[in-house]
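The values are calculated or read from the model by the stated rules, or taken from the named source; none is laboratory data. Please read all numbers here as calculations on a predicted model, not as lab measurements. As a convention, Cβ positions derive from the backbone with ideal geometry for all residues, glycine included, and neighbour counts pool all protein chains shown.
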Amino acid sequence: MDLDDAGMDGWEAQHGLDSAEGPVARIMYASQASIRQSVYQEMEKIRASALKHNEPAGIATALLHQSGWFVQWKEGPAPALQDIMERVAGDLRHFDLRIVHRSRGPRLLSGPWSMAIAQCRETSAEMEMRVRQLKQQVDDGMQFSPAAVWRRLSTPMQHPGAMRQQDPDAFQRVLVCAAHGMGSFELVRWLGERHCVEIVHRRFAGAIELDVGTDYVDFEQEGRVWRVIAMARHGLHLPLTRAFIPDYSHVVLLLSIDPERNSQLMERVTRAFQGVRHPPALIGVASRPEMHALPASLARQHGLPYLTAVADSRDPHATWRAVQPPLLLWQQAANSSICSGINPMVVGQ
Ligand SMILES: Cc1cc2nc3c(=O)[nH]c(=O)nc-3n(C[C@H](O)[C@H](O)[C@H](O)COP(=O)(O)O)c2cc1C
């Protein structure tokens with residue numbers, strides 16, 4: 001069991017999908033950070049406050065710091081959410097707070113706290129422009145799921161191919177995880193070099209000292225725009241990671257020659273997928289067909305679709321070539337609402 005999982009079972013029992021809890025209030029805002037130094041330490045202090053006050057009140061939150069801005073996603077019972085929002089709004093560590101999402105619906109964050117720090121070169125003015133554009137769209141009546149709002153602010157798709165689409169947020173998202181080693185990050189790096197595009201790095205942290213890295217690249221291939229995201233194995237269970245699982249078309253699993261490692265990865269994946277209503281398909285990558293037997297049977301036991309690709313999972317080129325055909329079977333139209341995260345069903349619940 002992971003460190004971060006230790007305190008989560010109580011939360012799951014009270015607020016998980018199997019609990020009796022109904023829909024909750026969901027709110028997201030962006031605000032300008034007043035702090036310029038020691039952002040990580042300051043966020044650790046906020047985490048301590050949030051765990052003290054939010055958890056007993058049933059509030060889950062994810063906090064992002066990026067380009068001099070905070071973005072916060074909160075979910076929970078409406079009255080408690082209102083109280084905490086009032087307290088947070090008066091905090092001098094930020095100002096210019098703008099609400100960018102409000103809805104009622106099922107919980108999407110599966111634990112009390114997640115945080116992310118984006119290390120990127122963009123200026124606070126560029127971030128502000130995105131906040132302003134999004135707020136304008138929301139004020140004009142467009143509806144976005146919380147995950148789509150988070151993505152638009154933190155990791156917007158800026159590939160020129162996506163800009164030509166009617167909805168720039170409509171692109172295929174693929175998560176990659178390796179049973180052993182850094183193969184997922186190597187695949188993303190290889191894709192970045194091949195398409196001459198920048199690799200974006202992110203760091204997440206859960207409720208206890210756990211720091212998780214993730215990298216992604218955006219590129220155009222086979223007439224569609226892709227985002228391929230490498231995720232560290234131990235990042236799979238973080239509430240923020242789990243909230244995005246329904247947004248992926250597929251999760252690619254780079255299997256190991258050690259069956260024990262594969263079953264550990266499958267255990268992490270099946271736990272992370274728990275309660276996801278429309279899980280993405282898994283694609284196992286292994287050098288010999290018989291290596292798929294164990295992960296395929298574990299996937300079947302949990303009702304998860306499992307596709308096979310035969311390639312040396314340590315070789316990015318061979319891996320990408322082998323996973324392309326099943327990935328291309330994904331037929332979501334580029335501008336479909338499911339693909340873009342614009343989901344009135346979710347937002348309106
Ligand atoms: C961007 C931001 C987000 C915050 N989020 C929370 C939160 O979710 N829960 C919380 O209790 N305090 C949060 N805080 C801190 C509160 O504003 C306040 O300092 C804290 O709740 C005071 O409680 P304490 O003295 O018991 O730590 C946040 C502060 C900032 C700047």
(request) Mind listing just one residue for me: the one in the range 48-82 that is part of a helix (DSSP H, G or I) and buried (at least 21 other Cβ atoms within 10 Å of the Cβ) and, of those, farthest from the ligand (Cβ to nearest atom)? (result) Leu81
(message) I'd like to know if the range 21-41 contains one or more residues that are among the acidic types (Asp, Glu) and within 14 Å of the ligand (Cβ to nearest atom).
(response) no
(message) Looking at the structure I just gave you, is Val197 touching a residue at least 12 places away in the same chain (Cβ under 8 Å), surrounded by 18 or more Cβ atoms within 10 Å (Cβ to Cβ) and over 12 Å from the mean Cα position of the chain (by Cα)?
(response) no
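Per-residue answers, yes or no, for (1) of a type in the set (Lys, Arg); (2) assigned to a strand (DSSP E or B); (3) modelled with pLDDT of 95 or more; (4) on the phi < 0 side of the Ramachandran plot:
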residue	(1), (2), (3), (4)
Arg242	yes, no, no, yes
Leu253	no, yes, yes, yes
Ser256	no, no, yes, yes
Val269	no, no, yes, yes
His278	no, no, no, yes
Ile283	no, yes, yes, yes
Ala299	no, no, yes, yes
Val346	no, no, no, yes
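Please enumerate the residues belonging to the range 100-121 that are surrounded by fewer than 15 Cβ atoms within 10 Å (Cβ to Cβ) and either over 17 Å from Ala147 (Cβ atoms) or among the acidic types (Asp, Glu) (or both). Don't jump to the end; show me each part of the working.
Going through the range 100-121, the residues surrounded by fewer than 15 Cβ atoms within 10 Å (Cβ to Cβ) turn out to be 102, 104, 119, 121.
Result: Gln119, Arg121.
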